[in-house]
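Notes follow the structure.
No value in this document is a laboratory result; all are computed from the given coordinates. Note that the structure is a prediction, hence the values are computed from the model and not measured. Cβ atoms come from the backbone with ideal geometry, glycine included; neighbour counts cover every protein chain shown.
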Amino acid sequence: MKLNTINNKFAFILVSALSITACGGDSDDDTFYPTGETREVSENVTENINEDTDTTSQSQLSQEEISGLLFMREEEELARDLYLDLYDDKGLSVFKNISNNAETKHAEAIRILLDTYNLQDPSTDSRNTYTDPELQALYDDLLNSGIGSDDLAALRVGALVEETDIRDINTHKDNVAAEHYDIISTYDNLLCGSRNHLRAFAAQIESLTGSTYQTQVPELDDEVRAILNSDRERCGQ
């Protein structure tokens, strides 16, 4: 199914806004991408789309595309919440930086897509609680692994979250039809952010251990090796 001309026009604008929102906060601070500014731009663009297009709806998406968006909305929230919890426990700035500067914006980027396609947001709006029982169980397990343990264990939890995120985004991206390039672009930006986050966690792990980082999701070993052997990316550039 193809989007009509007017939808293509506004979808292009949405892709640009989502690129800012999804990866605007992937630097280690907010000096280059002020959080308030990027969020305001994204919300204004979405407002205009909702006013000017009335055919963008859930019916345009397959069930696989819908399931992917719902899942990724909460998985990005899980990363945000978990990193804040680990920061509170460990005081390691990498957790706070990634949570506040990136994961919050990643979750927001997916929320914009849910609004665009008139999908109900699964977010509970309550930190550390998730509608998806699998994600709730994953959060609980990861928290138990990181809280009360040493810094190395906590950093490995962070790296595992990013590896899992890369795997899951790629899986859901494969189910997106080519004409839904707003969704594809958002997933690409989230992947870029996750690669940078994985680099950050792996670097700290290697600094503590003096050894090369070992992939935790076996099927991603080649991809992880390639990521860690490449430079930090400028997402959305």
Flagged pairs (Cβ under 6 angstrom, 6 or more apart or on separate chains; first in region 210-237, of a type in the set (A, V, I, L, M); second assigned to a loop (DSSP other than H, G, I, E, B)) are Val224/Thr215
Scan of region 146-165 for residues that are of a type in the set (A, V, I, L, M) and touching a residue at least 60 places away in the same chain (Cβ under 8 Å), ordered by number
Ile147, Ala154, Leu155, Val157, Val161
Could you tell me which of the residues Thr215, Thr164 is among the β-branched types (Val, Ile, Thr), buried (at least 16 other Cβ atoms within 10 Å of the Cβ) and assigned to a loop (DSSP other than H, G, I, E, B)?
Thr215
When restricted to Thr164, Thr212, the only residue of a type in the set (Ser, Thr, Tyr) and farther than 22 Å from Arg80 by Cβ is Thr212
Would it be correct to say that Ala79 is in contact (Cβ under 8 Å) with a residue 40 or more places away in the chain, in contact with a Cys (Cβ under 8 Å, 6 or more places away or on another chain), of a type in the set (Gly, Ala, Ser) and assigned to a helix (DSSP H, G or I)?
no
